Every structure is written in structure tokens, then in C-alpha cells.
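Below: the structure, in C-alpha cells.
Values in this text are rule-based calculations from the coordinates and carry no lab data. Computed from a prediction, not measured in an experiment: that's the story for all the values here. No Cβ is skipped: glycine too gets one built from the backbone with ideal geometry, and neighbour counts run over all protein chains shown.
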Amino acid sequence: MRILVTGATGFIGQSLVPALARQGTFVRAAARDPSRLTAGPNIEPIAMPDLSGPVDWTSALEDVSHVVHLAGIAHAPGTLPDEIYARINTEAVGELAEQAKGKIARFVLMSSVRAQAGLSSPTVITEADEPAPTEIYGRTKLDAERRLAASGVDYTVLRPAVVYGPNVKGNIASLATIAKTPMPLPFGGLDNRRSLLSIDNLIAAVAHVLQTEETLNQTYLVADAEPISVAGMVAAMREGLGRPPQLVKMPHKAIRRLMKSFGREADWERVCGTFEIDPAKLIATGWKPEIDSAEGIKQMMRAPQTPAP
């Protein structure tokens, strides 16, 4: 197996590339700055083309049997025009898939659960649900899935929950920063269930679908086996730091006012909403999420952080 991995220095790629290489798989690792990658017996760093315009993938696809496409614009509401999301998250996927057709055995697309649902859901989310993305990031991810399926290349789509691990970014990083403060926190009453995904469980999922015929031309939600509450997240973060949880209960309205005072009112639904994913479809093919969310979060907090480039 010889794999082209795009977006090799992103949050997922920086863990996935060395993991695949340790398994004895050749990885052609494409990154905007390949100097950040360490070449080795099984890793070939290459410069990734600029996805803001049409791309010729001929050289990158030469002598590879599989593609894992991670590159794209992460969820950053209100910061970029819709056209940029569409170009990089959708059109670039279609181009790569069409050029890879007939040359590779499998194209694995890293999509997102946001291609299927919004920030919260009153019911458990499964692949049987009709996709209903609520903003441009999710819509362009869903459009990318459809472009991939229409290309004719053999594929597997993964829709991960929010991924956490060393050097995590986004809302998990913000919550971890709050957890590091010495003060008691008003999250004790936030018992809502939210699905997360350990980076190690995601790496195992990618390795699994690359080798499993049953996953051909299928779409899968990917999450840790059981959801965790926000209170559970913060408690695990503090336990990982070797500290007691120090969580107190506070009415939801008071928490909302507190978040507003810090300019984070828009994160209310992310904190207080329920967002539970059922990964049973992928588990049924033989994948097993070995790490549970609480333990994975503790490990994340103990891990050394790599300085940002």
C-alpha cells in the first residue's frame, strides 16, 4: 500500500502520517510547507499544490495506490467568503477524485459530522438521517462527498465528531485553557451528552477502512464509543493535570451570561446542547474505538505540546 496523504501537517495529518509509516506503509505526505515534515524510510514529503485554483495532481498520484484527503478549510464561521469554502472544500476534492479514478484502489475523504447536522441534535445522529448541514462549512463538506461519489473512483467517506488530542485547536483547546485556571468552574450542572473522537481512534478508523473491502463506497460517522458531558470533559481535563475537578453547579442562564461577558455567547449551543453520535455502522465492520473520551482527554492534557510553527 502506497498512500498519498494531503494536508499532512494539519492537526489530523501530523499524527496520521507517522502512524501509517510506523505500520510499514509508504506515505507521500503533501503539505503546504513540506519542510515541517520529517522524511523517513516510509515518508516522502512533497509540496501540496495551492487548492485555491485548478490543480494537476499527476506527479503526486504517481505510483500511489490509495489517497487520504485531509486538506481543506476548517470550520471558521464568518471569516472567509463562501466561494473560498466551495473552491477548497468541494471543487478541489472533485478534481483530485476525477484525476485519481482508474489509478488508485481507494479514496478516503475526511469529511465532518457537520456535513450531516448542526451544533446540536435532540436525537442520536446516525448515517440513516437525512443530511442537514446548517452553515457553509458543512454544506461544502457534503457537496464534496457528493462530488467524490459522482467521480467514479472507489471511496470511503468518514464523518468524524470533534477530534481531540495533543495540540488540539478550536473549542476543545478553549475549554482546555479554561480548565487550566485555578478557579472553580460553573460547569457542574452541564450533564448534556456530546460525542467526541480521540485522534488515536480516528487513526485506527482510517487504517481500518483502507484495508476493509466492506467499507468500499460507504459513508461512516466516527466517534468514541460513548458520549461525555461538558462537566465530564472539564473534570477529565483537570484530572489529566493532576488536579481535582472543582466544578460547581450554576443555572444555565447564569452560565450563558458569564459566556456573554467573555464574548463567547455564540458558543452556548456547543456547550449546552446535546450532540450524540452512534458509530455502530463502522463498528459493525470491525473497527473498535479503544479509547474512551474521559481517558483520551486525560492523555491529551498530559501530552507535551508542540509549539506552533
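Would you mind estimating how fast the chain diffuses translationally, via Stokes-Einstein at 37 °C and 0.692 mPa s with the Kirkwood radius over Cα pairs, in µm²/s?
Stokes-Einstein gives a translational diffusion coefficient of 163 µm²/s.
Can you list the HN-Hα couplings for the range 88-100, worked out from phi with the Karplus curve (6.51, -1.76, 1.60; θ = phi - 60°), rounded to whole Hz and with x for Gly and Pro?
Result, ordered by residue: 7, 7, 10, 4, 5, 5, x, 4, 5, 5, 5, 6, 7 Hz.
Run the helix sum for the chain: -39,500 (n - 2.57) per DSSP H stretch of 4+ residues, divided by residue count, reported at 222 nm to the nearest 500 deg cm²/dmol.
After summing the helix terms and dividing by residue count, I get -9500 deg cm²/dmol.
Using +1 at the C-beta of Lys and Arg and -1 at the C-beta of Asp and Glu, which of 234, 222, 261 has the Cα lying farthest in the positive direction of the dipole of the range 216-263?
Projecting each Cα onto the dipole axis, the largest value belongs to 261.
Just to confirm a number: summing +1 for Lys and Arg and -1 for Asp and Glu over residues other than residue 240 whose beta-carbon lies under 12 angstrom from that of residue 240, what do you get?
Cβ neighbours under 12 Å give a net charge of +3.
Long-range amide H contacts for residue 275: which residues qualify at under 5 Å (H placed 1.01 Å from N, peptide plane, sequence gap of 5 or more or a different chain)?
Answer set, sorted by chain and number: 121, 193, 194, 195.
Measure nothing but the geometry: give the 0 to 90° angle between the long axis through the Cα atoms of 293-302 and the longest principal axis through the Cα atoms of the chain, rounded to 10°.
90
Could you state the angle between the C-alpha long axis of helix 170-179 and the longest principal axis of the C-alpha atoms of the chain, as a value from 0 to 90 degrees rounded to the nearest 10?
On a 0 to 90 degree scale, this one is about 30.
Taking the chain as the reference, fit the longest principal axis to its C-alpha atoms, fit the long axis of helix 230-240 to the helix C-alpha atoms, and give the angle between the two in degrees, 0 to 90, nearest 10.
So the inclination is approximately 80 degrees.
For the range 6-66, what class follows from the C-alpha gyration tensor (a ≥ b ≥ c being the square roots of its eigenvalues): rounded when a/c is under 1.5, otherwise prolate if a/b is larger than b/c, else oblate?
Cα axes put the range 6-66 in the oblate bin.
Counting Lys and Arg as +1 and Asp and Glu as -1, each charge on the Cβ, what is the dipole of the range 105-226 about the Cα centre in debye, to the nearest 20?
480
Per residue Cα convex hull volume for the range 1-134, in cubic angstrom?
So the per-residue Cα hull volume is 135 Å³.
I need the phi-derived Karplus couplings for the range 52-61: 6.51 cos²θ - 1.76 cosθ + 1.60, θ = phi - 60°, integer Hz, Gly and Pro marked x.
Whole-Hz 3J(HN,Hα) from phi for the range 52-61: 6, x, x, 10, 9, 8, 3, 5, 5, 8.
Any idea what the dipole of the range 2-117 comes to, in debye rounded to 20, about its Cα centre with Lys/Arg Cβ at +1 and Asp/Glu Cβ at -1?
Here the range 2-117 has a charge dipole of around 460 debye.
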